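Visitor: Please see the structure below; I have some questions.
Read-outs throughout are calculated quantities, based only on the coordinates presented, and are distinct from any laboratory measurement. No experiment lies behind these values; they were computed from the predicted model shown. All Cβ positions, even for glycine, are placed from backbone atoms using ideal geometry, and neighbour counts span all protein chains on display.
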């Protein structure tokens with residue numbers, strides 16, 4: 001569907017001034033069926049006029065779509081919820097997933113598993129029939145995605161130094177515009193240090209007091225910085241899974257910085273171990289995948305006082321899918337031990353367990369526990385386009 005549209009960016013200070021003086025008049029004068037308003041977080045005063053115009057259009061049964069976009073939700077979500085409740089659908093536009101990078105047409109294997117709750121001979125024979133050159137191409141894309149992340153401009157740039165420069169520029173713009181201006185952070189140096197310390201802890205259980213000590217900052221300051229980072233999608237907090245829902249909000253979450261390319265420029269000379277980097281990449285693929293499901297599942301990690309750990313747990317109603325992330329190219333019987341223990345404790349709700357790994361072979365390592373190549377789980381079976 002190609003609709004005629006009007007595009008207005010509030011990055012332009014003249015547009016901000018124009019709308020501040022006559023927003024309702026301007027909005028009502030736009031005669032295209034689609035109106036795109038970009039960087040709307042820069043003009044919070046736009047939301048009340050939008051509400052007024054939308055309500056008038058509804059009364060006259062006029063069909064018009066307003067598409068509001070912004071690189072930060074620091075103020076965007078708050079104002080939308082207060083002014084446009086019941087008139088808006090929210091959608092988070094993440095960097096490219098592996099599925100989009102590979103071709104975006106085949107169905108991710110995870111979708112098939114989530115709906116069927118099992119693996120069948122049909123699933124495995126499909127992979128066996130896939131030409132080796134297509135598998136090699138999928139693996140190559142996977143490798144690149146795990147190094148450079150999913151930001152669209154990065155994939156248009158071939159030179160490594162130019163990719164790094166773009167990521168550095170993006171981060172600089174984020175700090176100077178979203179954090180300094182929109183987030184109203186006065187001490188940018190302390191924010192940047194905190195961001196680096198947190199990024200180095202990606203895929204770990206978050207200890208705010210530990211970060212505050214290392215940064216020589218107050219705990220409340222670190223909490224505010226984390227809130228800014230999560231509100232602007234730079235990091236995510238993953239809650240633990242408990243049958244008692246209340247405990248999920250009390251216990252400490254894991255922190256994830258999901259984009260591999262951006263992490264490179266945040267950390268600089270610092271580095272994170274391969275396992276943590278891989279777990280962060282798997283997390284990024286899971287949050288992109290789950291948002292596209294008809295009924296979005298919840299995502300958790302699982303840890304008990306006895307030491308049983310599961311990296312990720314997809315949950316919806318009475319269905320659980322435990323997933324372990326294995327950064328190596330091999331997976332065997334020993335790697336399924338935690339999954340088997342979890343599945344025994346949740347027999348009816350978790351009939352299947354997954355080990356996602358960097359190998360090539362789809363195989364059952366224990367009963368109903370499958371090792372699945374990451375390029376297959378998230379990208380789908382490659383085919384000739």
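Visitor: What 222 nm value per residue comes from the helices of the chain, counting each DSSP H run with n ≥ 4 as -39,500 (n - 2.57) and dividing by all residues, nearest 500 deg cm²/dmol?
Guide: Value at 222 nm, helices only: -13500 deg cm²/dmol.
Visitor: Can you give the Kirkwood hydrodynamic radius of the range 226-385 from its Cα pairs, in Å with one decimal?
Guide: Value: 16.8 Å, from the Cα pair sum.
Visitor: For residue 175 and residue 337, what does the FRET efficiency come to when R0 = 41 Å and r is the distance between their Cβ atoms, rounded to the nearest 0.05?
Guide: Computed FRET efficiency for residue 175 and residue 337: 0.40.
Visitor: Output the peptides 172-180, 54-62 sorted from most to least packed, where packing is the average of other Cβ atoms within 10 Å over each peptide's residues.
Guide: Going from most to least packed, we get 172-180, 54-62.
Visitor: Let me ask you something else. Report the gain in length on full extension from residue 274 to residue 157: 0.36 nm times residue separation, minus Cα-Cα distance, nm rounded to one decimal.
Guide: 39.6 nm
Visitor: If you don't mind, there's one more thing I want to ask. Mind giving me the nanometre distance, one decimal, between the label points for residue 12 and residue 90, set 7 Å out from Cα along Cα→Cβ?
Guide: About 2.9 nm separates the two model spin labels.
Visitor: Then there is this: Could you state the per residue volume, in Å³, of the convex hull enclosing the Cα atoms of the range 3-76?
Guide: Per-residue hull volume (Cα only) is 84 Å³.
Visitor: Rg and Dmax of the range 288-376, using alpha carbons, in Å: what are they?
Guide: Reported Rg and Dmax, both Å: 12.8, 36.
Visitor: Between residue 186 and residue 36, with labels modelled 7 Å along Cα→Cβ, what's the label distance in nm to one decimal, could you check?
Guide: A separation of 3.9 nm, rounded to one decimal place.
Visitor: Given R₀ = 41 Å, FRET efficiency for residue 295-residue 25 by Cβ-Cβ distance, to 0.05?
Guide: Given R0 = 41 Å and the Cβ-Cβ separation, E is 0.50.
Visitor: Something else: Taking the 0 to 90 degree range and rounding to the nearest ten, how far is the long axis of helix 47-59 tilted relative to the main principal axis of the chain, both from C-alpha atoms?
Guide: That works out to roughly 90 degrees.
Visitor: For residue 216 paired with residue 136, estimate the spin-label separation in nm (one decimal), with each label point 7 Å from Cα along the Cα-to-Cβ line.
Guide: The modelled label-to-label distance comes out at 5.4 nm.
Visitor: Based only on Cα atoms, what Rg/Rh ratio does the range 148-278 have, Rh being taken as Kirkwood's radius?
Guide: 0.99
Visitor: Largest first and to the nearest Å, give the Cα extent of the chain along each principal axis.
Guide: Extents along the principal axes: 67, 53, 49 Å.
Visitor: Antiparallel as a % of all DSSP beta bridges within the chain, to the nearest 5?
Guide: 45
Visitor: Calculated FRET efficiency, residue 306 and residue 2, Cβ-Cβ r, R0 56 Å, to nearest 0.05?
Guide: Calculated transfer efficiency: 0.45.
Visitor: Say we join alpha carbon atoms closer than 10 Å with springs in a Gaussian network model of the chain; which of 226, 26, 354 then has the biggest fluctuation?
Guide: With Cα springs under 10 Å in the chain, the top fluctuation among 226, 26, 354 is at 26.
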